[in-house]
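Enquirer: To start, I am sharing the structure in question, which I have written as structure tokens.
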Amino acid sequence: MFEAHDNTLDREVALKILSEEFSADERRITAFEEEARITASFSHPNVVRVLTTGRAFGRFYIAMEMVRGGHFEHQIRERGKIPEAELLQLAIEVAQGLKAAHSAGLIHRDVKPGNILLDADGHAKLVDFGLALVTQGGMARASELWATPYYVPPETVEGQAEDFRSDVYALGATLYHALCGKPSCGEETMATDLLRQAKKKIVPLSEVEPGISEETCRIVQRAMEYDPGDRFSSYDELISALTGALGDLKAGRAETTGSFSKRRADRKRKELMVAVAGGAVLLMATGVALWWVSQPAPEPVAATPPPVVEPMVSTPVEDRSGEIARSYREARASVEAKDFENAAVQFRNLLNDPEVQEPTRTWAGLEAVLAHYLDGHSKEARAQAEETLKHMRSLPEDAPSVRGDLPRMLERLSGLPAVSSEGAAKGGASRVIAMMLAGLKNWEQGMLEAGAECFELAVSSKLPAKDGWAAVYQRFARDYLEDYAVLTGSLFEGFPTDPAGCQEAVDELDAILVTLKTRGRARFNVRAWQLDLARRAKVLKLREAAPAVVETAVEEAPQSADVLARVDELAREFNFGEMVSYLKGLPADPDGMSRAALLAVAESAAVFLTDIERDLAARPVTTDLELASGEVMAKVSIGADGVIRATSADGRSRSCKWGDFSADALIALHRLFVKNPKSETERLRRHECAIAFDWLAGNRERALGAAAILSQSSAEFEKRWGGISAGLPK
């Protein structure tokens, strides 16, 4: 997989290229083209989009959307185990992507951590449908067994027919691996007999990892049943179970298998003790009764008062101030030692300890954010910033805490624009911390110059004696400035003119990597430049060895009127999937427009409908919506069966297709759902898809007006939309 630049639409894409060895194998070529066709046949936010396919320099390629967060396998390898709540959310998204594939008549057949990518916001996207089978909702039998032993379902091993439940098994095995840090099946061979036995002897997740909730263990166990008939009967059933388990976990209702077993054992032990004690009391009572009967009547005696019992004096609760101070010193020691991962955990524990006084508690939250950034983990830093900001907002007005500009700085860490030094505190620890937060945010986002400006201000800030603890962050700021000088040096100014010069630069960068003082972006930039140099070297070599260009016949361009008529026809039916297939099949650009631009809006419009469908499945909408027939409905929802239902004001309900709604109604739904986006990136994505949908199927003037407004607030959208609109018919 390679990173490439789409010059037509000015965007970064991921490029999957068929190897030189397989490019001469017709069977491999057919399979490669089939993968592209299958993946492009449907669209879903949790499936990586295929943008285009083609052949260049005798090699076949698939261009796909760029997903920046890396693959899930790397997460497991780096972190060992994935927290249950985080994993359940990802599992729901993967299951939704698999459901979309199943609805298109496909099974993936290679679900595993390496084929789950994470975008910039941490959402899951399925990739690599190279082994997929077309089932049309039924079953199919593969002609070859290409799968990963850890995750392959038993029916595949035995050469039996497969259906969507095979993907359910592989997803369950993936969850098992992520939750306990090791695969459910330790067998690496593809020998049928060995694998079959290994699949029958899988140790239940509840025994391997007792800290996981009972419900999650049950879900994984059912997904991985040996007999497909014992697994989940539909993706809706699986998604519902995962959603329920996540809800219980967040609400604190989840019970771990370990706690349940312990409580059951305690209960049995108590029951046994009660039974033994009861027997002893009964025997004693019987003996006393026999003795009493045999004794002569006692003489009457005067009653005596009961003894006076001195009241119990409670001991004071142990003062934890010494323990808290020690914990803070240990966290600071971790920072000094550049053990940022451990420091982040220690500071976060202090933030979450209600016995830590203010403003120490808030400072701990701020330093936890810094520790994540310094460790090169910007996503974790943003999440910690949200947690710290929430704590600060929960404090009473008169509570001693960190005030001034720092809360506003935390708010700005989640946005896309660069954070400037304007309005920051004038001096002391507050200014150093504010400038470090701004600088690290800019730096990790790739805005090195803006980051360096903030680091300069952090270094130049004067610290009074009481704020001496912040000097360590000034030292780190100097480290970033030194790396900035390296990354803006002559080695990064341009490409050498020959392959040997490119290779020499790659070797020099290897030496530079060892000298870098910071983590995260600096190392990424060096590695990325090395890849660019290596690609440049290959291009230069190809140019040197390229034979004379042979003129080839140019296929006649399709008539623009015919193309627009077909596009408009499919748009009226909201049939964007077929529109994508039609546009991909055009032999050349129609006169006055670009296939790539038309494809971009068609694909975005398809995603627009998928987003609306997912929103309605999660939350029905009660509002006046007009159908294409003119009838006004009062409520719209999507049931577990995936059917859209519209209900009129008088309570009459009917099932609908998207084509039954007016474009205006769907744009109105979009406006309702996009009011509270998860992030600024998500908001822009949703608006961009809505503009594409409106341009194709709704009000084109309204779409262009919305694009103009969005361009004013987002330079990134303005650049991208400018490339697309240039290729659209006027």
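The values are calculated or read from the model by the stated rules, or taken from the named source; none is laboratory data. Keep in mind that what you see is a predicted model, and the values were worked out from it rather than measured. Quick reminder, even Gly has a Cβ in these numbers, built from the backbone with ideal geometry, and neighbours come from all protein chains shown. When the accessible area is computed, the model is the full protein with side chains, heavy atoms only, and any ligands, DNA or RNA have been set aside. Shrake-Rupley method; radii C 1.70, N 1.55, O 1.52, S 1.80 Å.
Enquirer: Given the condition modelled with pLDDT of 85 or more, over 19 Å from residue 444 (Cα atoms) and open to solvent by less than 30 Å² (accessible area, probe 1.4 Å), answer yes or no: does some residue in region 396-406 qualify?
Expert: no
Enquirer: Could you please let me know if residue 600 is of a type in the set (A, V, I, L, M), open to solvent by less than 30 Å² (accessible area, probe 1.4 Å), in contact with a strand residue (DSSP E or B) (Cβ under 7 Å, 6 or more places away or on another chain) and outside any loop (DSSP other than H, G, I, E, B)?
Expert: Details: of a type in the set (A, V, I, L, M): yes; open to solvent by less than 30 Å² (accessible area, probe 1.4 Å): yes; in contact with a strand residue (DSSP E or B) (Cβ under 7 Å, 6 or more places away or on another chain): no; outside any loop (DSSP other than H, G, I, E, B): yes.
In short, no.
Enquirer: Quickly run through region 637-662 and pick out the residues that are closer than 22 Å to residue 604 by Cβ and open to solvent by less than 10 Å² (accessible area, probe 1.4 Å).
Expert: Of everything in region 637-662, just one residue is closer than 22 Å to residue 604 by Cβ and open to solvent by less than 10 Å² (accessible area, probe 1.4 Å), namely 661.
Enquirer: Could you figure out which of (1) surrounded by 19 or more Cβ atoms within 10 Å (Cβ to Cβ); (2) at pLDDT below 85 isn't true of residue 544?
Expert: (1)
Enquirer: Would you check which residues across region 475-503 are more than 20 Å from residue 436 (Cα to Cα), in contact (Cβ under 8 Å) with a residue 40 or more places away in the chain and part of a helix (DSSP H, G or I) and list them?
Expert: 499
Enquirer: Separate question: When you look at residue 657, is it closer than 18 Å to residue 638 by Cβ and at pLDDT below 85, yes or no?
Expert: yes
Enquirer: Kindly indicate which of 472, 506, 432 is over 30 Å from residue 410 (Cα atoms), open to solvent by less than 40 Å² (accessible area, probe 1.4 Å) and either of a type in the set (S, T, N, Q) or assigned to a helix (DSSP H, G or I) (or both).
Expert: It is 506.
Enquirer: Right, something else. Within region 349-386, how many residues are more than 22 Å from residue 520 (Cα to Cα), part of a helix (DSSP H, G or I) and out of contact with any Lys or Arg (no Cβ under 7 Å at 6 or more places or on another chain)?
Expert: Here the count works out to 6.
Enquirer: Return only the number of the condition from (1) at pLDDT below 90; (2) farther than 20 Å from residue 487 by Cα; (3) open to solvent by 40 Å² or more (accessible area, probe 1.4 Å) that residue 418 does not satisfy.
Expert: With respect to (1) at pLDDT below 90; (2) farther than 20 Å from residue 487 by Cα; (3) open to solvent by 40 Å² or more (accessible area, probe 1.4 Å), residue 418 is out only on (2).
Enquirer: Show me the helices (runs of 4 or more DSSP H) found entirely inside region 623-730 where at least 2 residues are closer than 30 Å to residue 237 by Cα and touching a residue at least 40 places away in the same chain (Cβ under 8 Å).
Expert: The helices (runs of 4 or more DSSP H) meeting that bar are 663-673, 680-697.
Enquirer: From the list 212, 239, exactly one residue is at pLDDT 90 or above, farther than 29 Å from residue 158 by Cα and of a type in the set (Val, Ile, Thr). Which is it?
Expert: 212
Enquirer: Among the numbered criteria (1) over 21 Å from residue 45 (Cα atoms); (2) open to solvent by less than 70 Å² (accessible area, probe 1.4 Å), which single criterion is violated by residue 672?
Expert: (1)
Enquirer: Something else: Within region 512-522, how many residues are over 23 Å from the mean Cα position of the chain (by Cα) and open to solvent by 60 Å² or more (accessible area, probe 1.4 Å)?
Expert: Looking only at that region, the number is 3.
Enquirer: Of all residues in region 42-96, count the ones that are within 19 Å of residue 30 (Cα to Cα), open to solvent by less than 50 Å² (accessible area, probe 1.4 Å) and not hydrophobic (A, V, I, L, M, F, W, C).
Expert: To start, the set of residues in region 42-96 that are within 19 Å of residue 30 (Cα to Cα) comprises 50-64.
Next, only the ones that are open to solvent by less than 50 Å² (accessible area, probe 1.4 Å) stay: 50-51, 54, 56, 58, 60, 62-64.
From what's left, not hydrophobic (A, V, I, L, M, F, W, C): 54, 58.
Matching residues across region 42-96 total 2.
Enquirer: Conditions: (1) surrounded by 18 or more Cβ atoms within 10 Å (Cβ to Cβ); (2) touching a helix residue (DSSP H, G or I) at 6+ places or on another chain (Cβ under 9 Å). Residue 665 meets all but one. Number of the miss?
Expert: (2)
Enquirer: Hey, does region 481-502 have a residue that's buried (at least 23 other Cβ atoms within 10 Å of the Cβ), out of contact with any Ser or Thr (no Cβ under 7 Å at 6 or more places or on another chain) and under 27 Å from residue 412 (Cβ atoms)?
Expert: No: zero hits.
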